[in-house]
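K.L.:
Below is a structure I'd like to ask you about.
Here, each number is a calculation from the coordinates, and none is a lab measurement. Small disclaimer: the values here were computed from a predicted structure and weren't measured. So basically every Cβ, Gly included, is an ideal-geometry build from the backbone, and we count neighbours across all protein chains shown.
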């Protein structure tokens with residue numbers, strides 16, 4: 001009987017640990033009230049991101065998009081082959097651990113500061 005209680009206790013502790021990790025995930029609207037637009041390159045400054053946090057990109061899909069790129073794509077404002085392109089205007093993207101890079105690849109937009117680099121712990 002004690003083994004059963006011990007197993008139940010272990011399961012209960014595991015549940016609380018997993019639930020606690022999920023409860024700590026945050027949701028951020030990129031660019032704040034203004035949404036995903038020009039000059040958002042500095043938006044991540046002062047924020048602490050964690051793997052599993054969700055970024056919400058709000059924008060007009062006729063005017064912008066969101067492209068998940070690598071460091072080279074971010075620095076050069078070029079979309080690498082195979083990059084994931086989001087176009088809904090209300091994209092929700094979960095951060096992976098480490099560096100995460102996003103740009104708008106409409107002509108001239110990335111060069112005008114429509115890009116963000118986020119390091120998620």
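K.L.:
Using beta carbons and a limit of 7 Å, which pairs, at least six apart or on different chains, have the first residue in the stretch 31-42 and closer than 14 Å to residue 103 by Cα and the second one assigned to a helix (DSSP H, G or I)?
P.N.:
38/112
K.L.:
Tally the residues that are closer than 16 Å to residue 32 by Cα and assigned to a loop (DSSP other than H, G, I, E, B), restricting the search to the stretch 80-121.
P.N.:
Of the residues in that region, 3 qualify.
So that you can scan it fast, the table gives a plain yes or no per residue for (1) surrounded by 18 or more Cβ atoms within 10 Å (Cβ to Cβ); (2) without any contact (Cβ under 8 Å) to a residue 60 or more places away in the chain; (3) more than 13 Å from residue 28 (Cβ to Cβ):
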{"position": "51", "(1), (2), (3)": "no, no, yes"}
{"position": "59", "(1), (2), (3)": "yes, yes, yes"}
{"position": "64", "(1), (2), (3)": "yes, yes, yes"}
{"position": "75", "(1), (2), (3)": "no, yes, yes"}
{"position": "95", "(1), (2), (3)": "yes, yes, no"}
{"position": "98", "(1), (2), (3)": "no, yes, yes"}
{"position": "105", "(1), (2), (3)": "yes, yes, yes"}
